[in-house]
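Participant: Let me begin by handing over the structure; questions about it come next.
No value in this document is a laboratory result; all are computed from the given coordinates. Model, not experiment: these values are computed from the prediction. With ideal geometry, Cβ positions are generated from the backbone for all residues, glycine too; neighbour counts draw on all protein chains shown.
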Amino acid sequence: MPTSNDQDREKRVIGLYGEMRLAMELHQQGWQVYRAYIDDKFDFVIMKCFCYICQEYTNALQRERRYNGRNAKTVTNLCETCHNDSIRMLVRFIQVKTSEGEPRPVPNEKAFSFHPKIRYHLADGRVFYAWVQVWDEDNVNYFIFRTKDVERFDNITLAT
Ligand SMILES: [Zn+2]
């Protein structure tokens, strides 16, 4: 019979797995993903650049030159495509919650619950929850929503 220590360990492992999958997914969509050095409020801070002249996501131009006989690599504030000073850094804050579904008597059905350990009552529209549903290794669903939408499906009368 699994002890509560085993269950805690399993929860931590599934949590890390969900974060890793989400980080890879976000990275594939062009986001830089940063993890907190001291985690207090958010799991990830993610960042992407948008050029308002090109009207598309871009990267900051990175320059590499010889300077005084040495290589000098610099990240500039210029758009990589049009070389104008026209990029805006988009920053979002993400709290990740991972659920591994409980098998149900019905085939191909699992019960998932969403009940975050931390709630946010922030008017800041840059804060999001990412709910990662792990069905199996090949099937992971991501639901990303604003923190104010939590009460639409979480039982907020329960303790966090
Ligand atoms: Zn541009």
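Participant: Would you work out which of Met24, Tyr57, Gln133 lies farthest towards the positive end of the dipole of the stretch 6-160? Charges go on Cβ: Lys and Arg +1, Asp and Glu -1.
Facilitator: Tyr57
Participant: To the nearest 10 degrees, how steep is helix 4-28 against the longest Cα principal axis of the chain, on a 0 to 90 scale?
Facilitator: In the chain, helix 4-28 runs at an angle near 30 degrees to the longest axis.
Participant: Now, a different point. Among all the aspartates and glutamates, which ones have a C-alpha under 13 Å from Lys110's C-alpha, if same-chain residues fewer than 8 places away are not counted?
Facilitator: List returned: Glu100, Glu102, Asp136.
Participant: Across the stretch 151-156, in residue order, what do the Karplus-derived ³J(HN,Hα) couplings come to in whole Hz, using 6.51 cos²θ - 1.76 cosθ + 1.60 with θ = phi - 60° and x for Gly and Pro?
Facilitator: 5, 6, 9, 9, 7, 7
Participant: Report the trypsin sites (Lys or Arg not before Pro) located in the stretch 1-71 that are in a DSSP loop and have at most 13 other Cβ atoms inside 10 Å of their Cβ, or state none.
Facilitator: Working: sites: Arg9, Lys11, Arg12, Arg21, Arg35, Lys41, Lys48, Arg63, Arg65, Arg66, Arg70; in loops: Lys41.
Passing both the DSSP loop test and the Cβ count: Lys41.
Participant: So, R0 is 22 Å and r is the distance between the beta-carbons of Glu64 and Gln32; what FRET efficiency does that work out to, to 0.05? Please list the in-between numbers first.
Facilitator: Numbers: r = 19 Å, r/R0 = 0.88.
That gives a FRET efficiency of 0.70.
Participant: With charges set only on the Cβ (+1 for Lys and Arg, -1 for Asp and Glu), what does the dipole of the stretch 26-151 come to about its Cα centre, in debye to the nearest 20? Intermediate values should be presented prior to the final figure.
Facilitator: Values: 18 positive and 16 negative charges, 145 e Å.
Magnitude of the dipole: close to 700 debye.
Participant: Quick check on the chain: what are the equivalent-ellipsoid semi-axes from the Cα gyration tensor, as sqrt(5λ), descending, whole Å?
Facilitator: Values: eigenvalues 293, 67, 49 Å².
Result for the chain: semi-axes of 38, 18, 16 Å.
Participant: Okay, next question. Taking the alpha-carbon distance from Lys48 and a cut-off under 16 Å, which aspartates and glutamates remain once sequence neighbours fewer than 8 residues away in the same chain are dropped?
Facilitator: Qualifying aspartates and glutamates at Cα under 16 Å: Glu25, Glu56, Glu80, Asp85.
Participant: Among Ala111, Thr157, Gly101, whose Cα projects farthest towards the positive end of the dipole of the chain, with charges put on the beta-carbon of Lys, Arg (+1) and Asp, Glu (-1)?
Facilitator: Thr157
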